[in-house]
Amino acid sequence: MGEVSIAAALCGLLAGSAVETNHHFDVNWERRHIEVDCETATHVIEVGLDEKPDSRDSIHQALLAAYLTDLQKIPAVILIDRDGKEGKYELEMRRVTGLLGMAYASCSDKWIETWKARGAMRIVPDTMNDLPDGAWPAGLCDLSEIVGPDPVVPAFLTPALPADDVTSVVGVSAPLDTAAD
């Protein structure tokens, strides 16, 4: 499963999200764009793969996408864990996003594939996300910094986003177990 299909599966877990949306900007009299891996009503989310140095650009792209939305959306990064351990780039991403006050998550590719395969067995209203409940799934794909009760919002966005808009990122179909680390 490649980065684009994993991003599509992850976006499917979040209600009202879109995959590979474009944000345009002008430079040197030319129209350019960036593609956001996953975009919700309140977030621009970039997805990267572990053990790939180019995953570092996920931070840049998420920040640029937030800027291109006039700072109306919260930047977030999700790294896909394909080997079951925190490697060099995952460690870098976790530390740098923390330093910047950005939301960061790491999700197991096997967990995403399993959750996607079982999707037909679940009925989820359009306004709710399809995130699981419990410590086991949260340990394999903890998205609480993005969709939890207290989402991580960079300090430079805090004045622009009213508190009630930030906490209503997407409806959670089941409470997340944020105590599982």
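What follows is calculated from the coordinates using simple rules that are stated; it is not laboratory data. Small disclaimer: the values here were computed from a predicted structure and weren't measured. No Cβ is skipped: glycine too gets one built from the backbone with ideal geometry, and neighbour counts run over all protein chains shown.
Please report the relative contact order for the stretch 1-120, taking Cα pairs under 8 Å with a sequence separation of at least 6, and give it as a percent rounded to a whole number.
Numbers: 201 pairs, mean separation 25.5, N = 120.
Answer for the stretch 1-120 is 21 percent.
What shape does the stretch 1-100 have by the C-alpha gyration tensor, where a ≥ b ≥ c are the square roots of the eigenvalues, rounded means a/c under 1.5, and otherwise prolate means a/b greater than b/c and oblate the rest?
prolate
Among the trypsin sites (Lys or Arg not before Pro) within the stretch 44-85, which fall in a DSSP loop and have no more than 12 other Cβ atoms within 10 Å of their own Cβ?
In loop regions of the stretch 44-85 (DSSP not H, G, I, E or B), the sparsely surrounded trypsin sites (Lys or Arg not before Pro) are K85.
Between the alpha-carbon centers of the stretch 37-86 and the stretch 93-108, tell me the distance in whole angstrom.
One Cα centre to the other: 9 Å.
For the charge dipole of the stretch 21-65, defined by +1 on Lys and Arg C-beta atoms and -1 on Asp and Glu C-beta atoms about the Cα centroid, which residue among S55, V27, A41 has the Cα displaced farthest towards the positive pole?
Going by the charge dipole, the pick is V27.
Please give the length that would be gained between T21 and L99 if that part of the chain were fully extended, namely 0.36 nm times their separation in residues minus their C-alpha to C-alpha distance (nm, one decimal).
Between T21 and L99, full extension yields an extra 25.4 nm.
Can you work out the FRET efficiency for the pair N28 and F156, with r the C-beta to C-beta distance and R0 = 35 Å, to the nearest 0.05?
Rounded to the nearest 0.05, the efficiency is 0.85.
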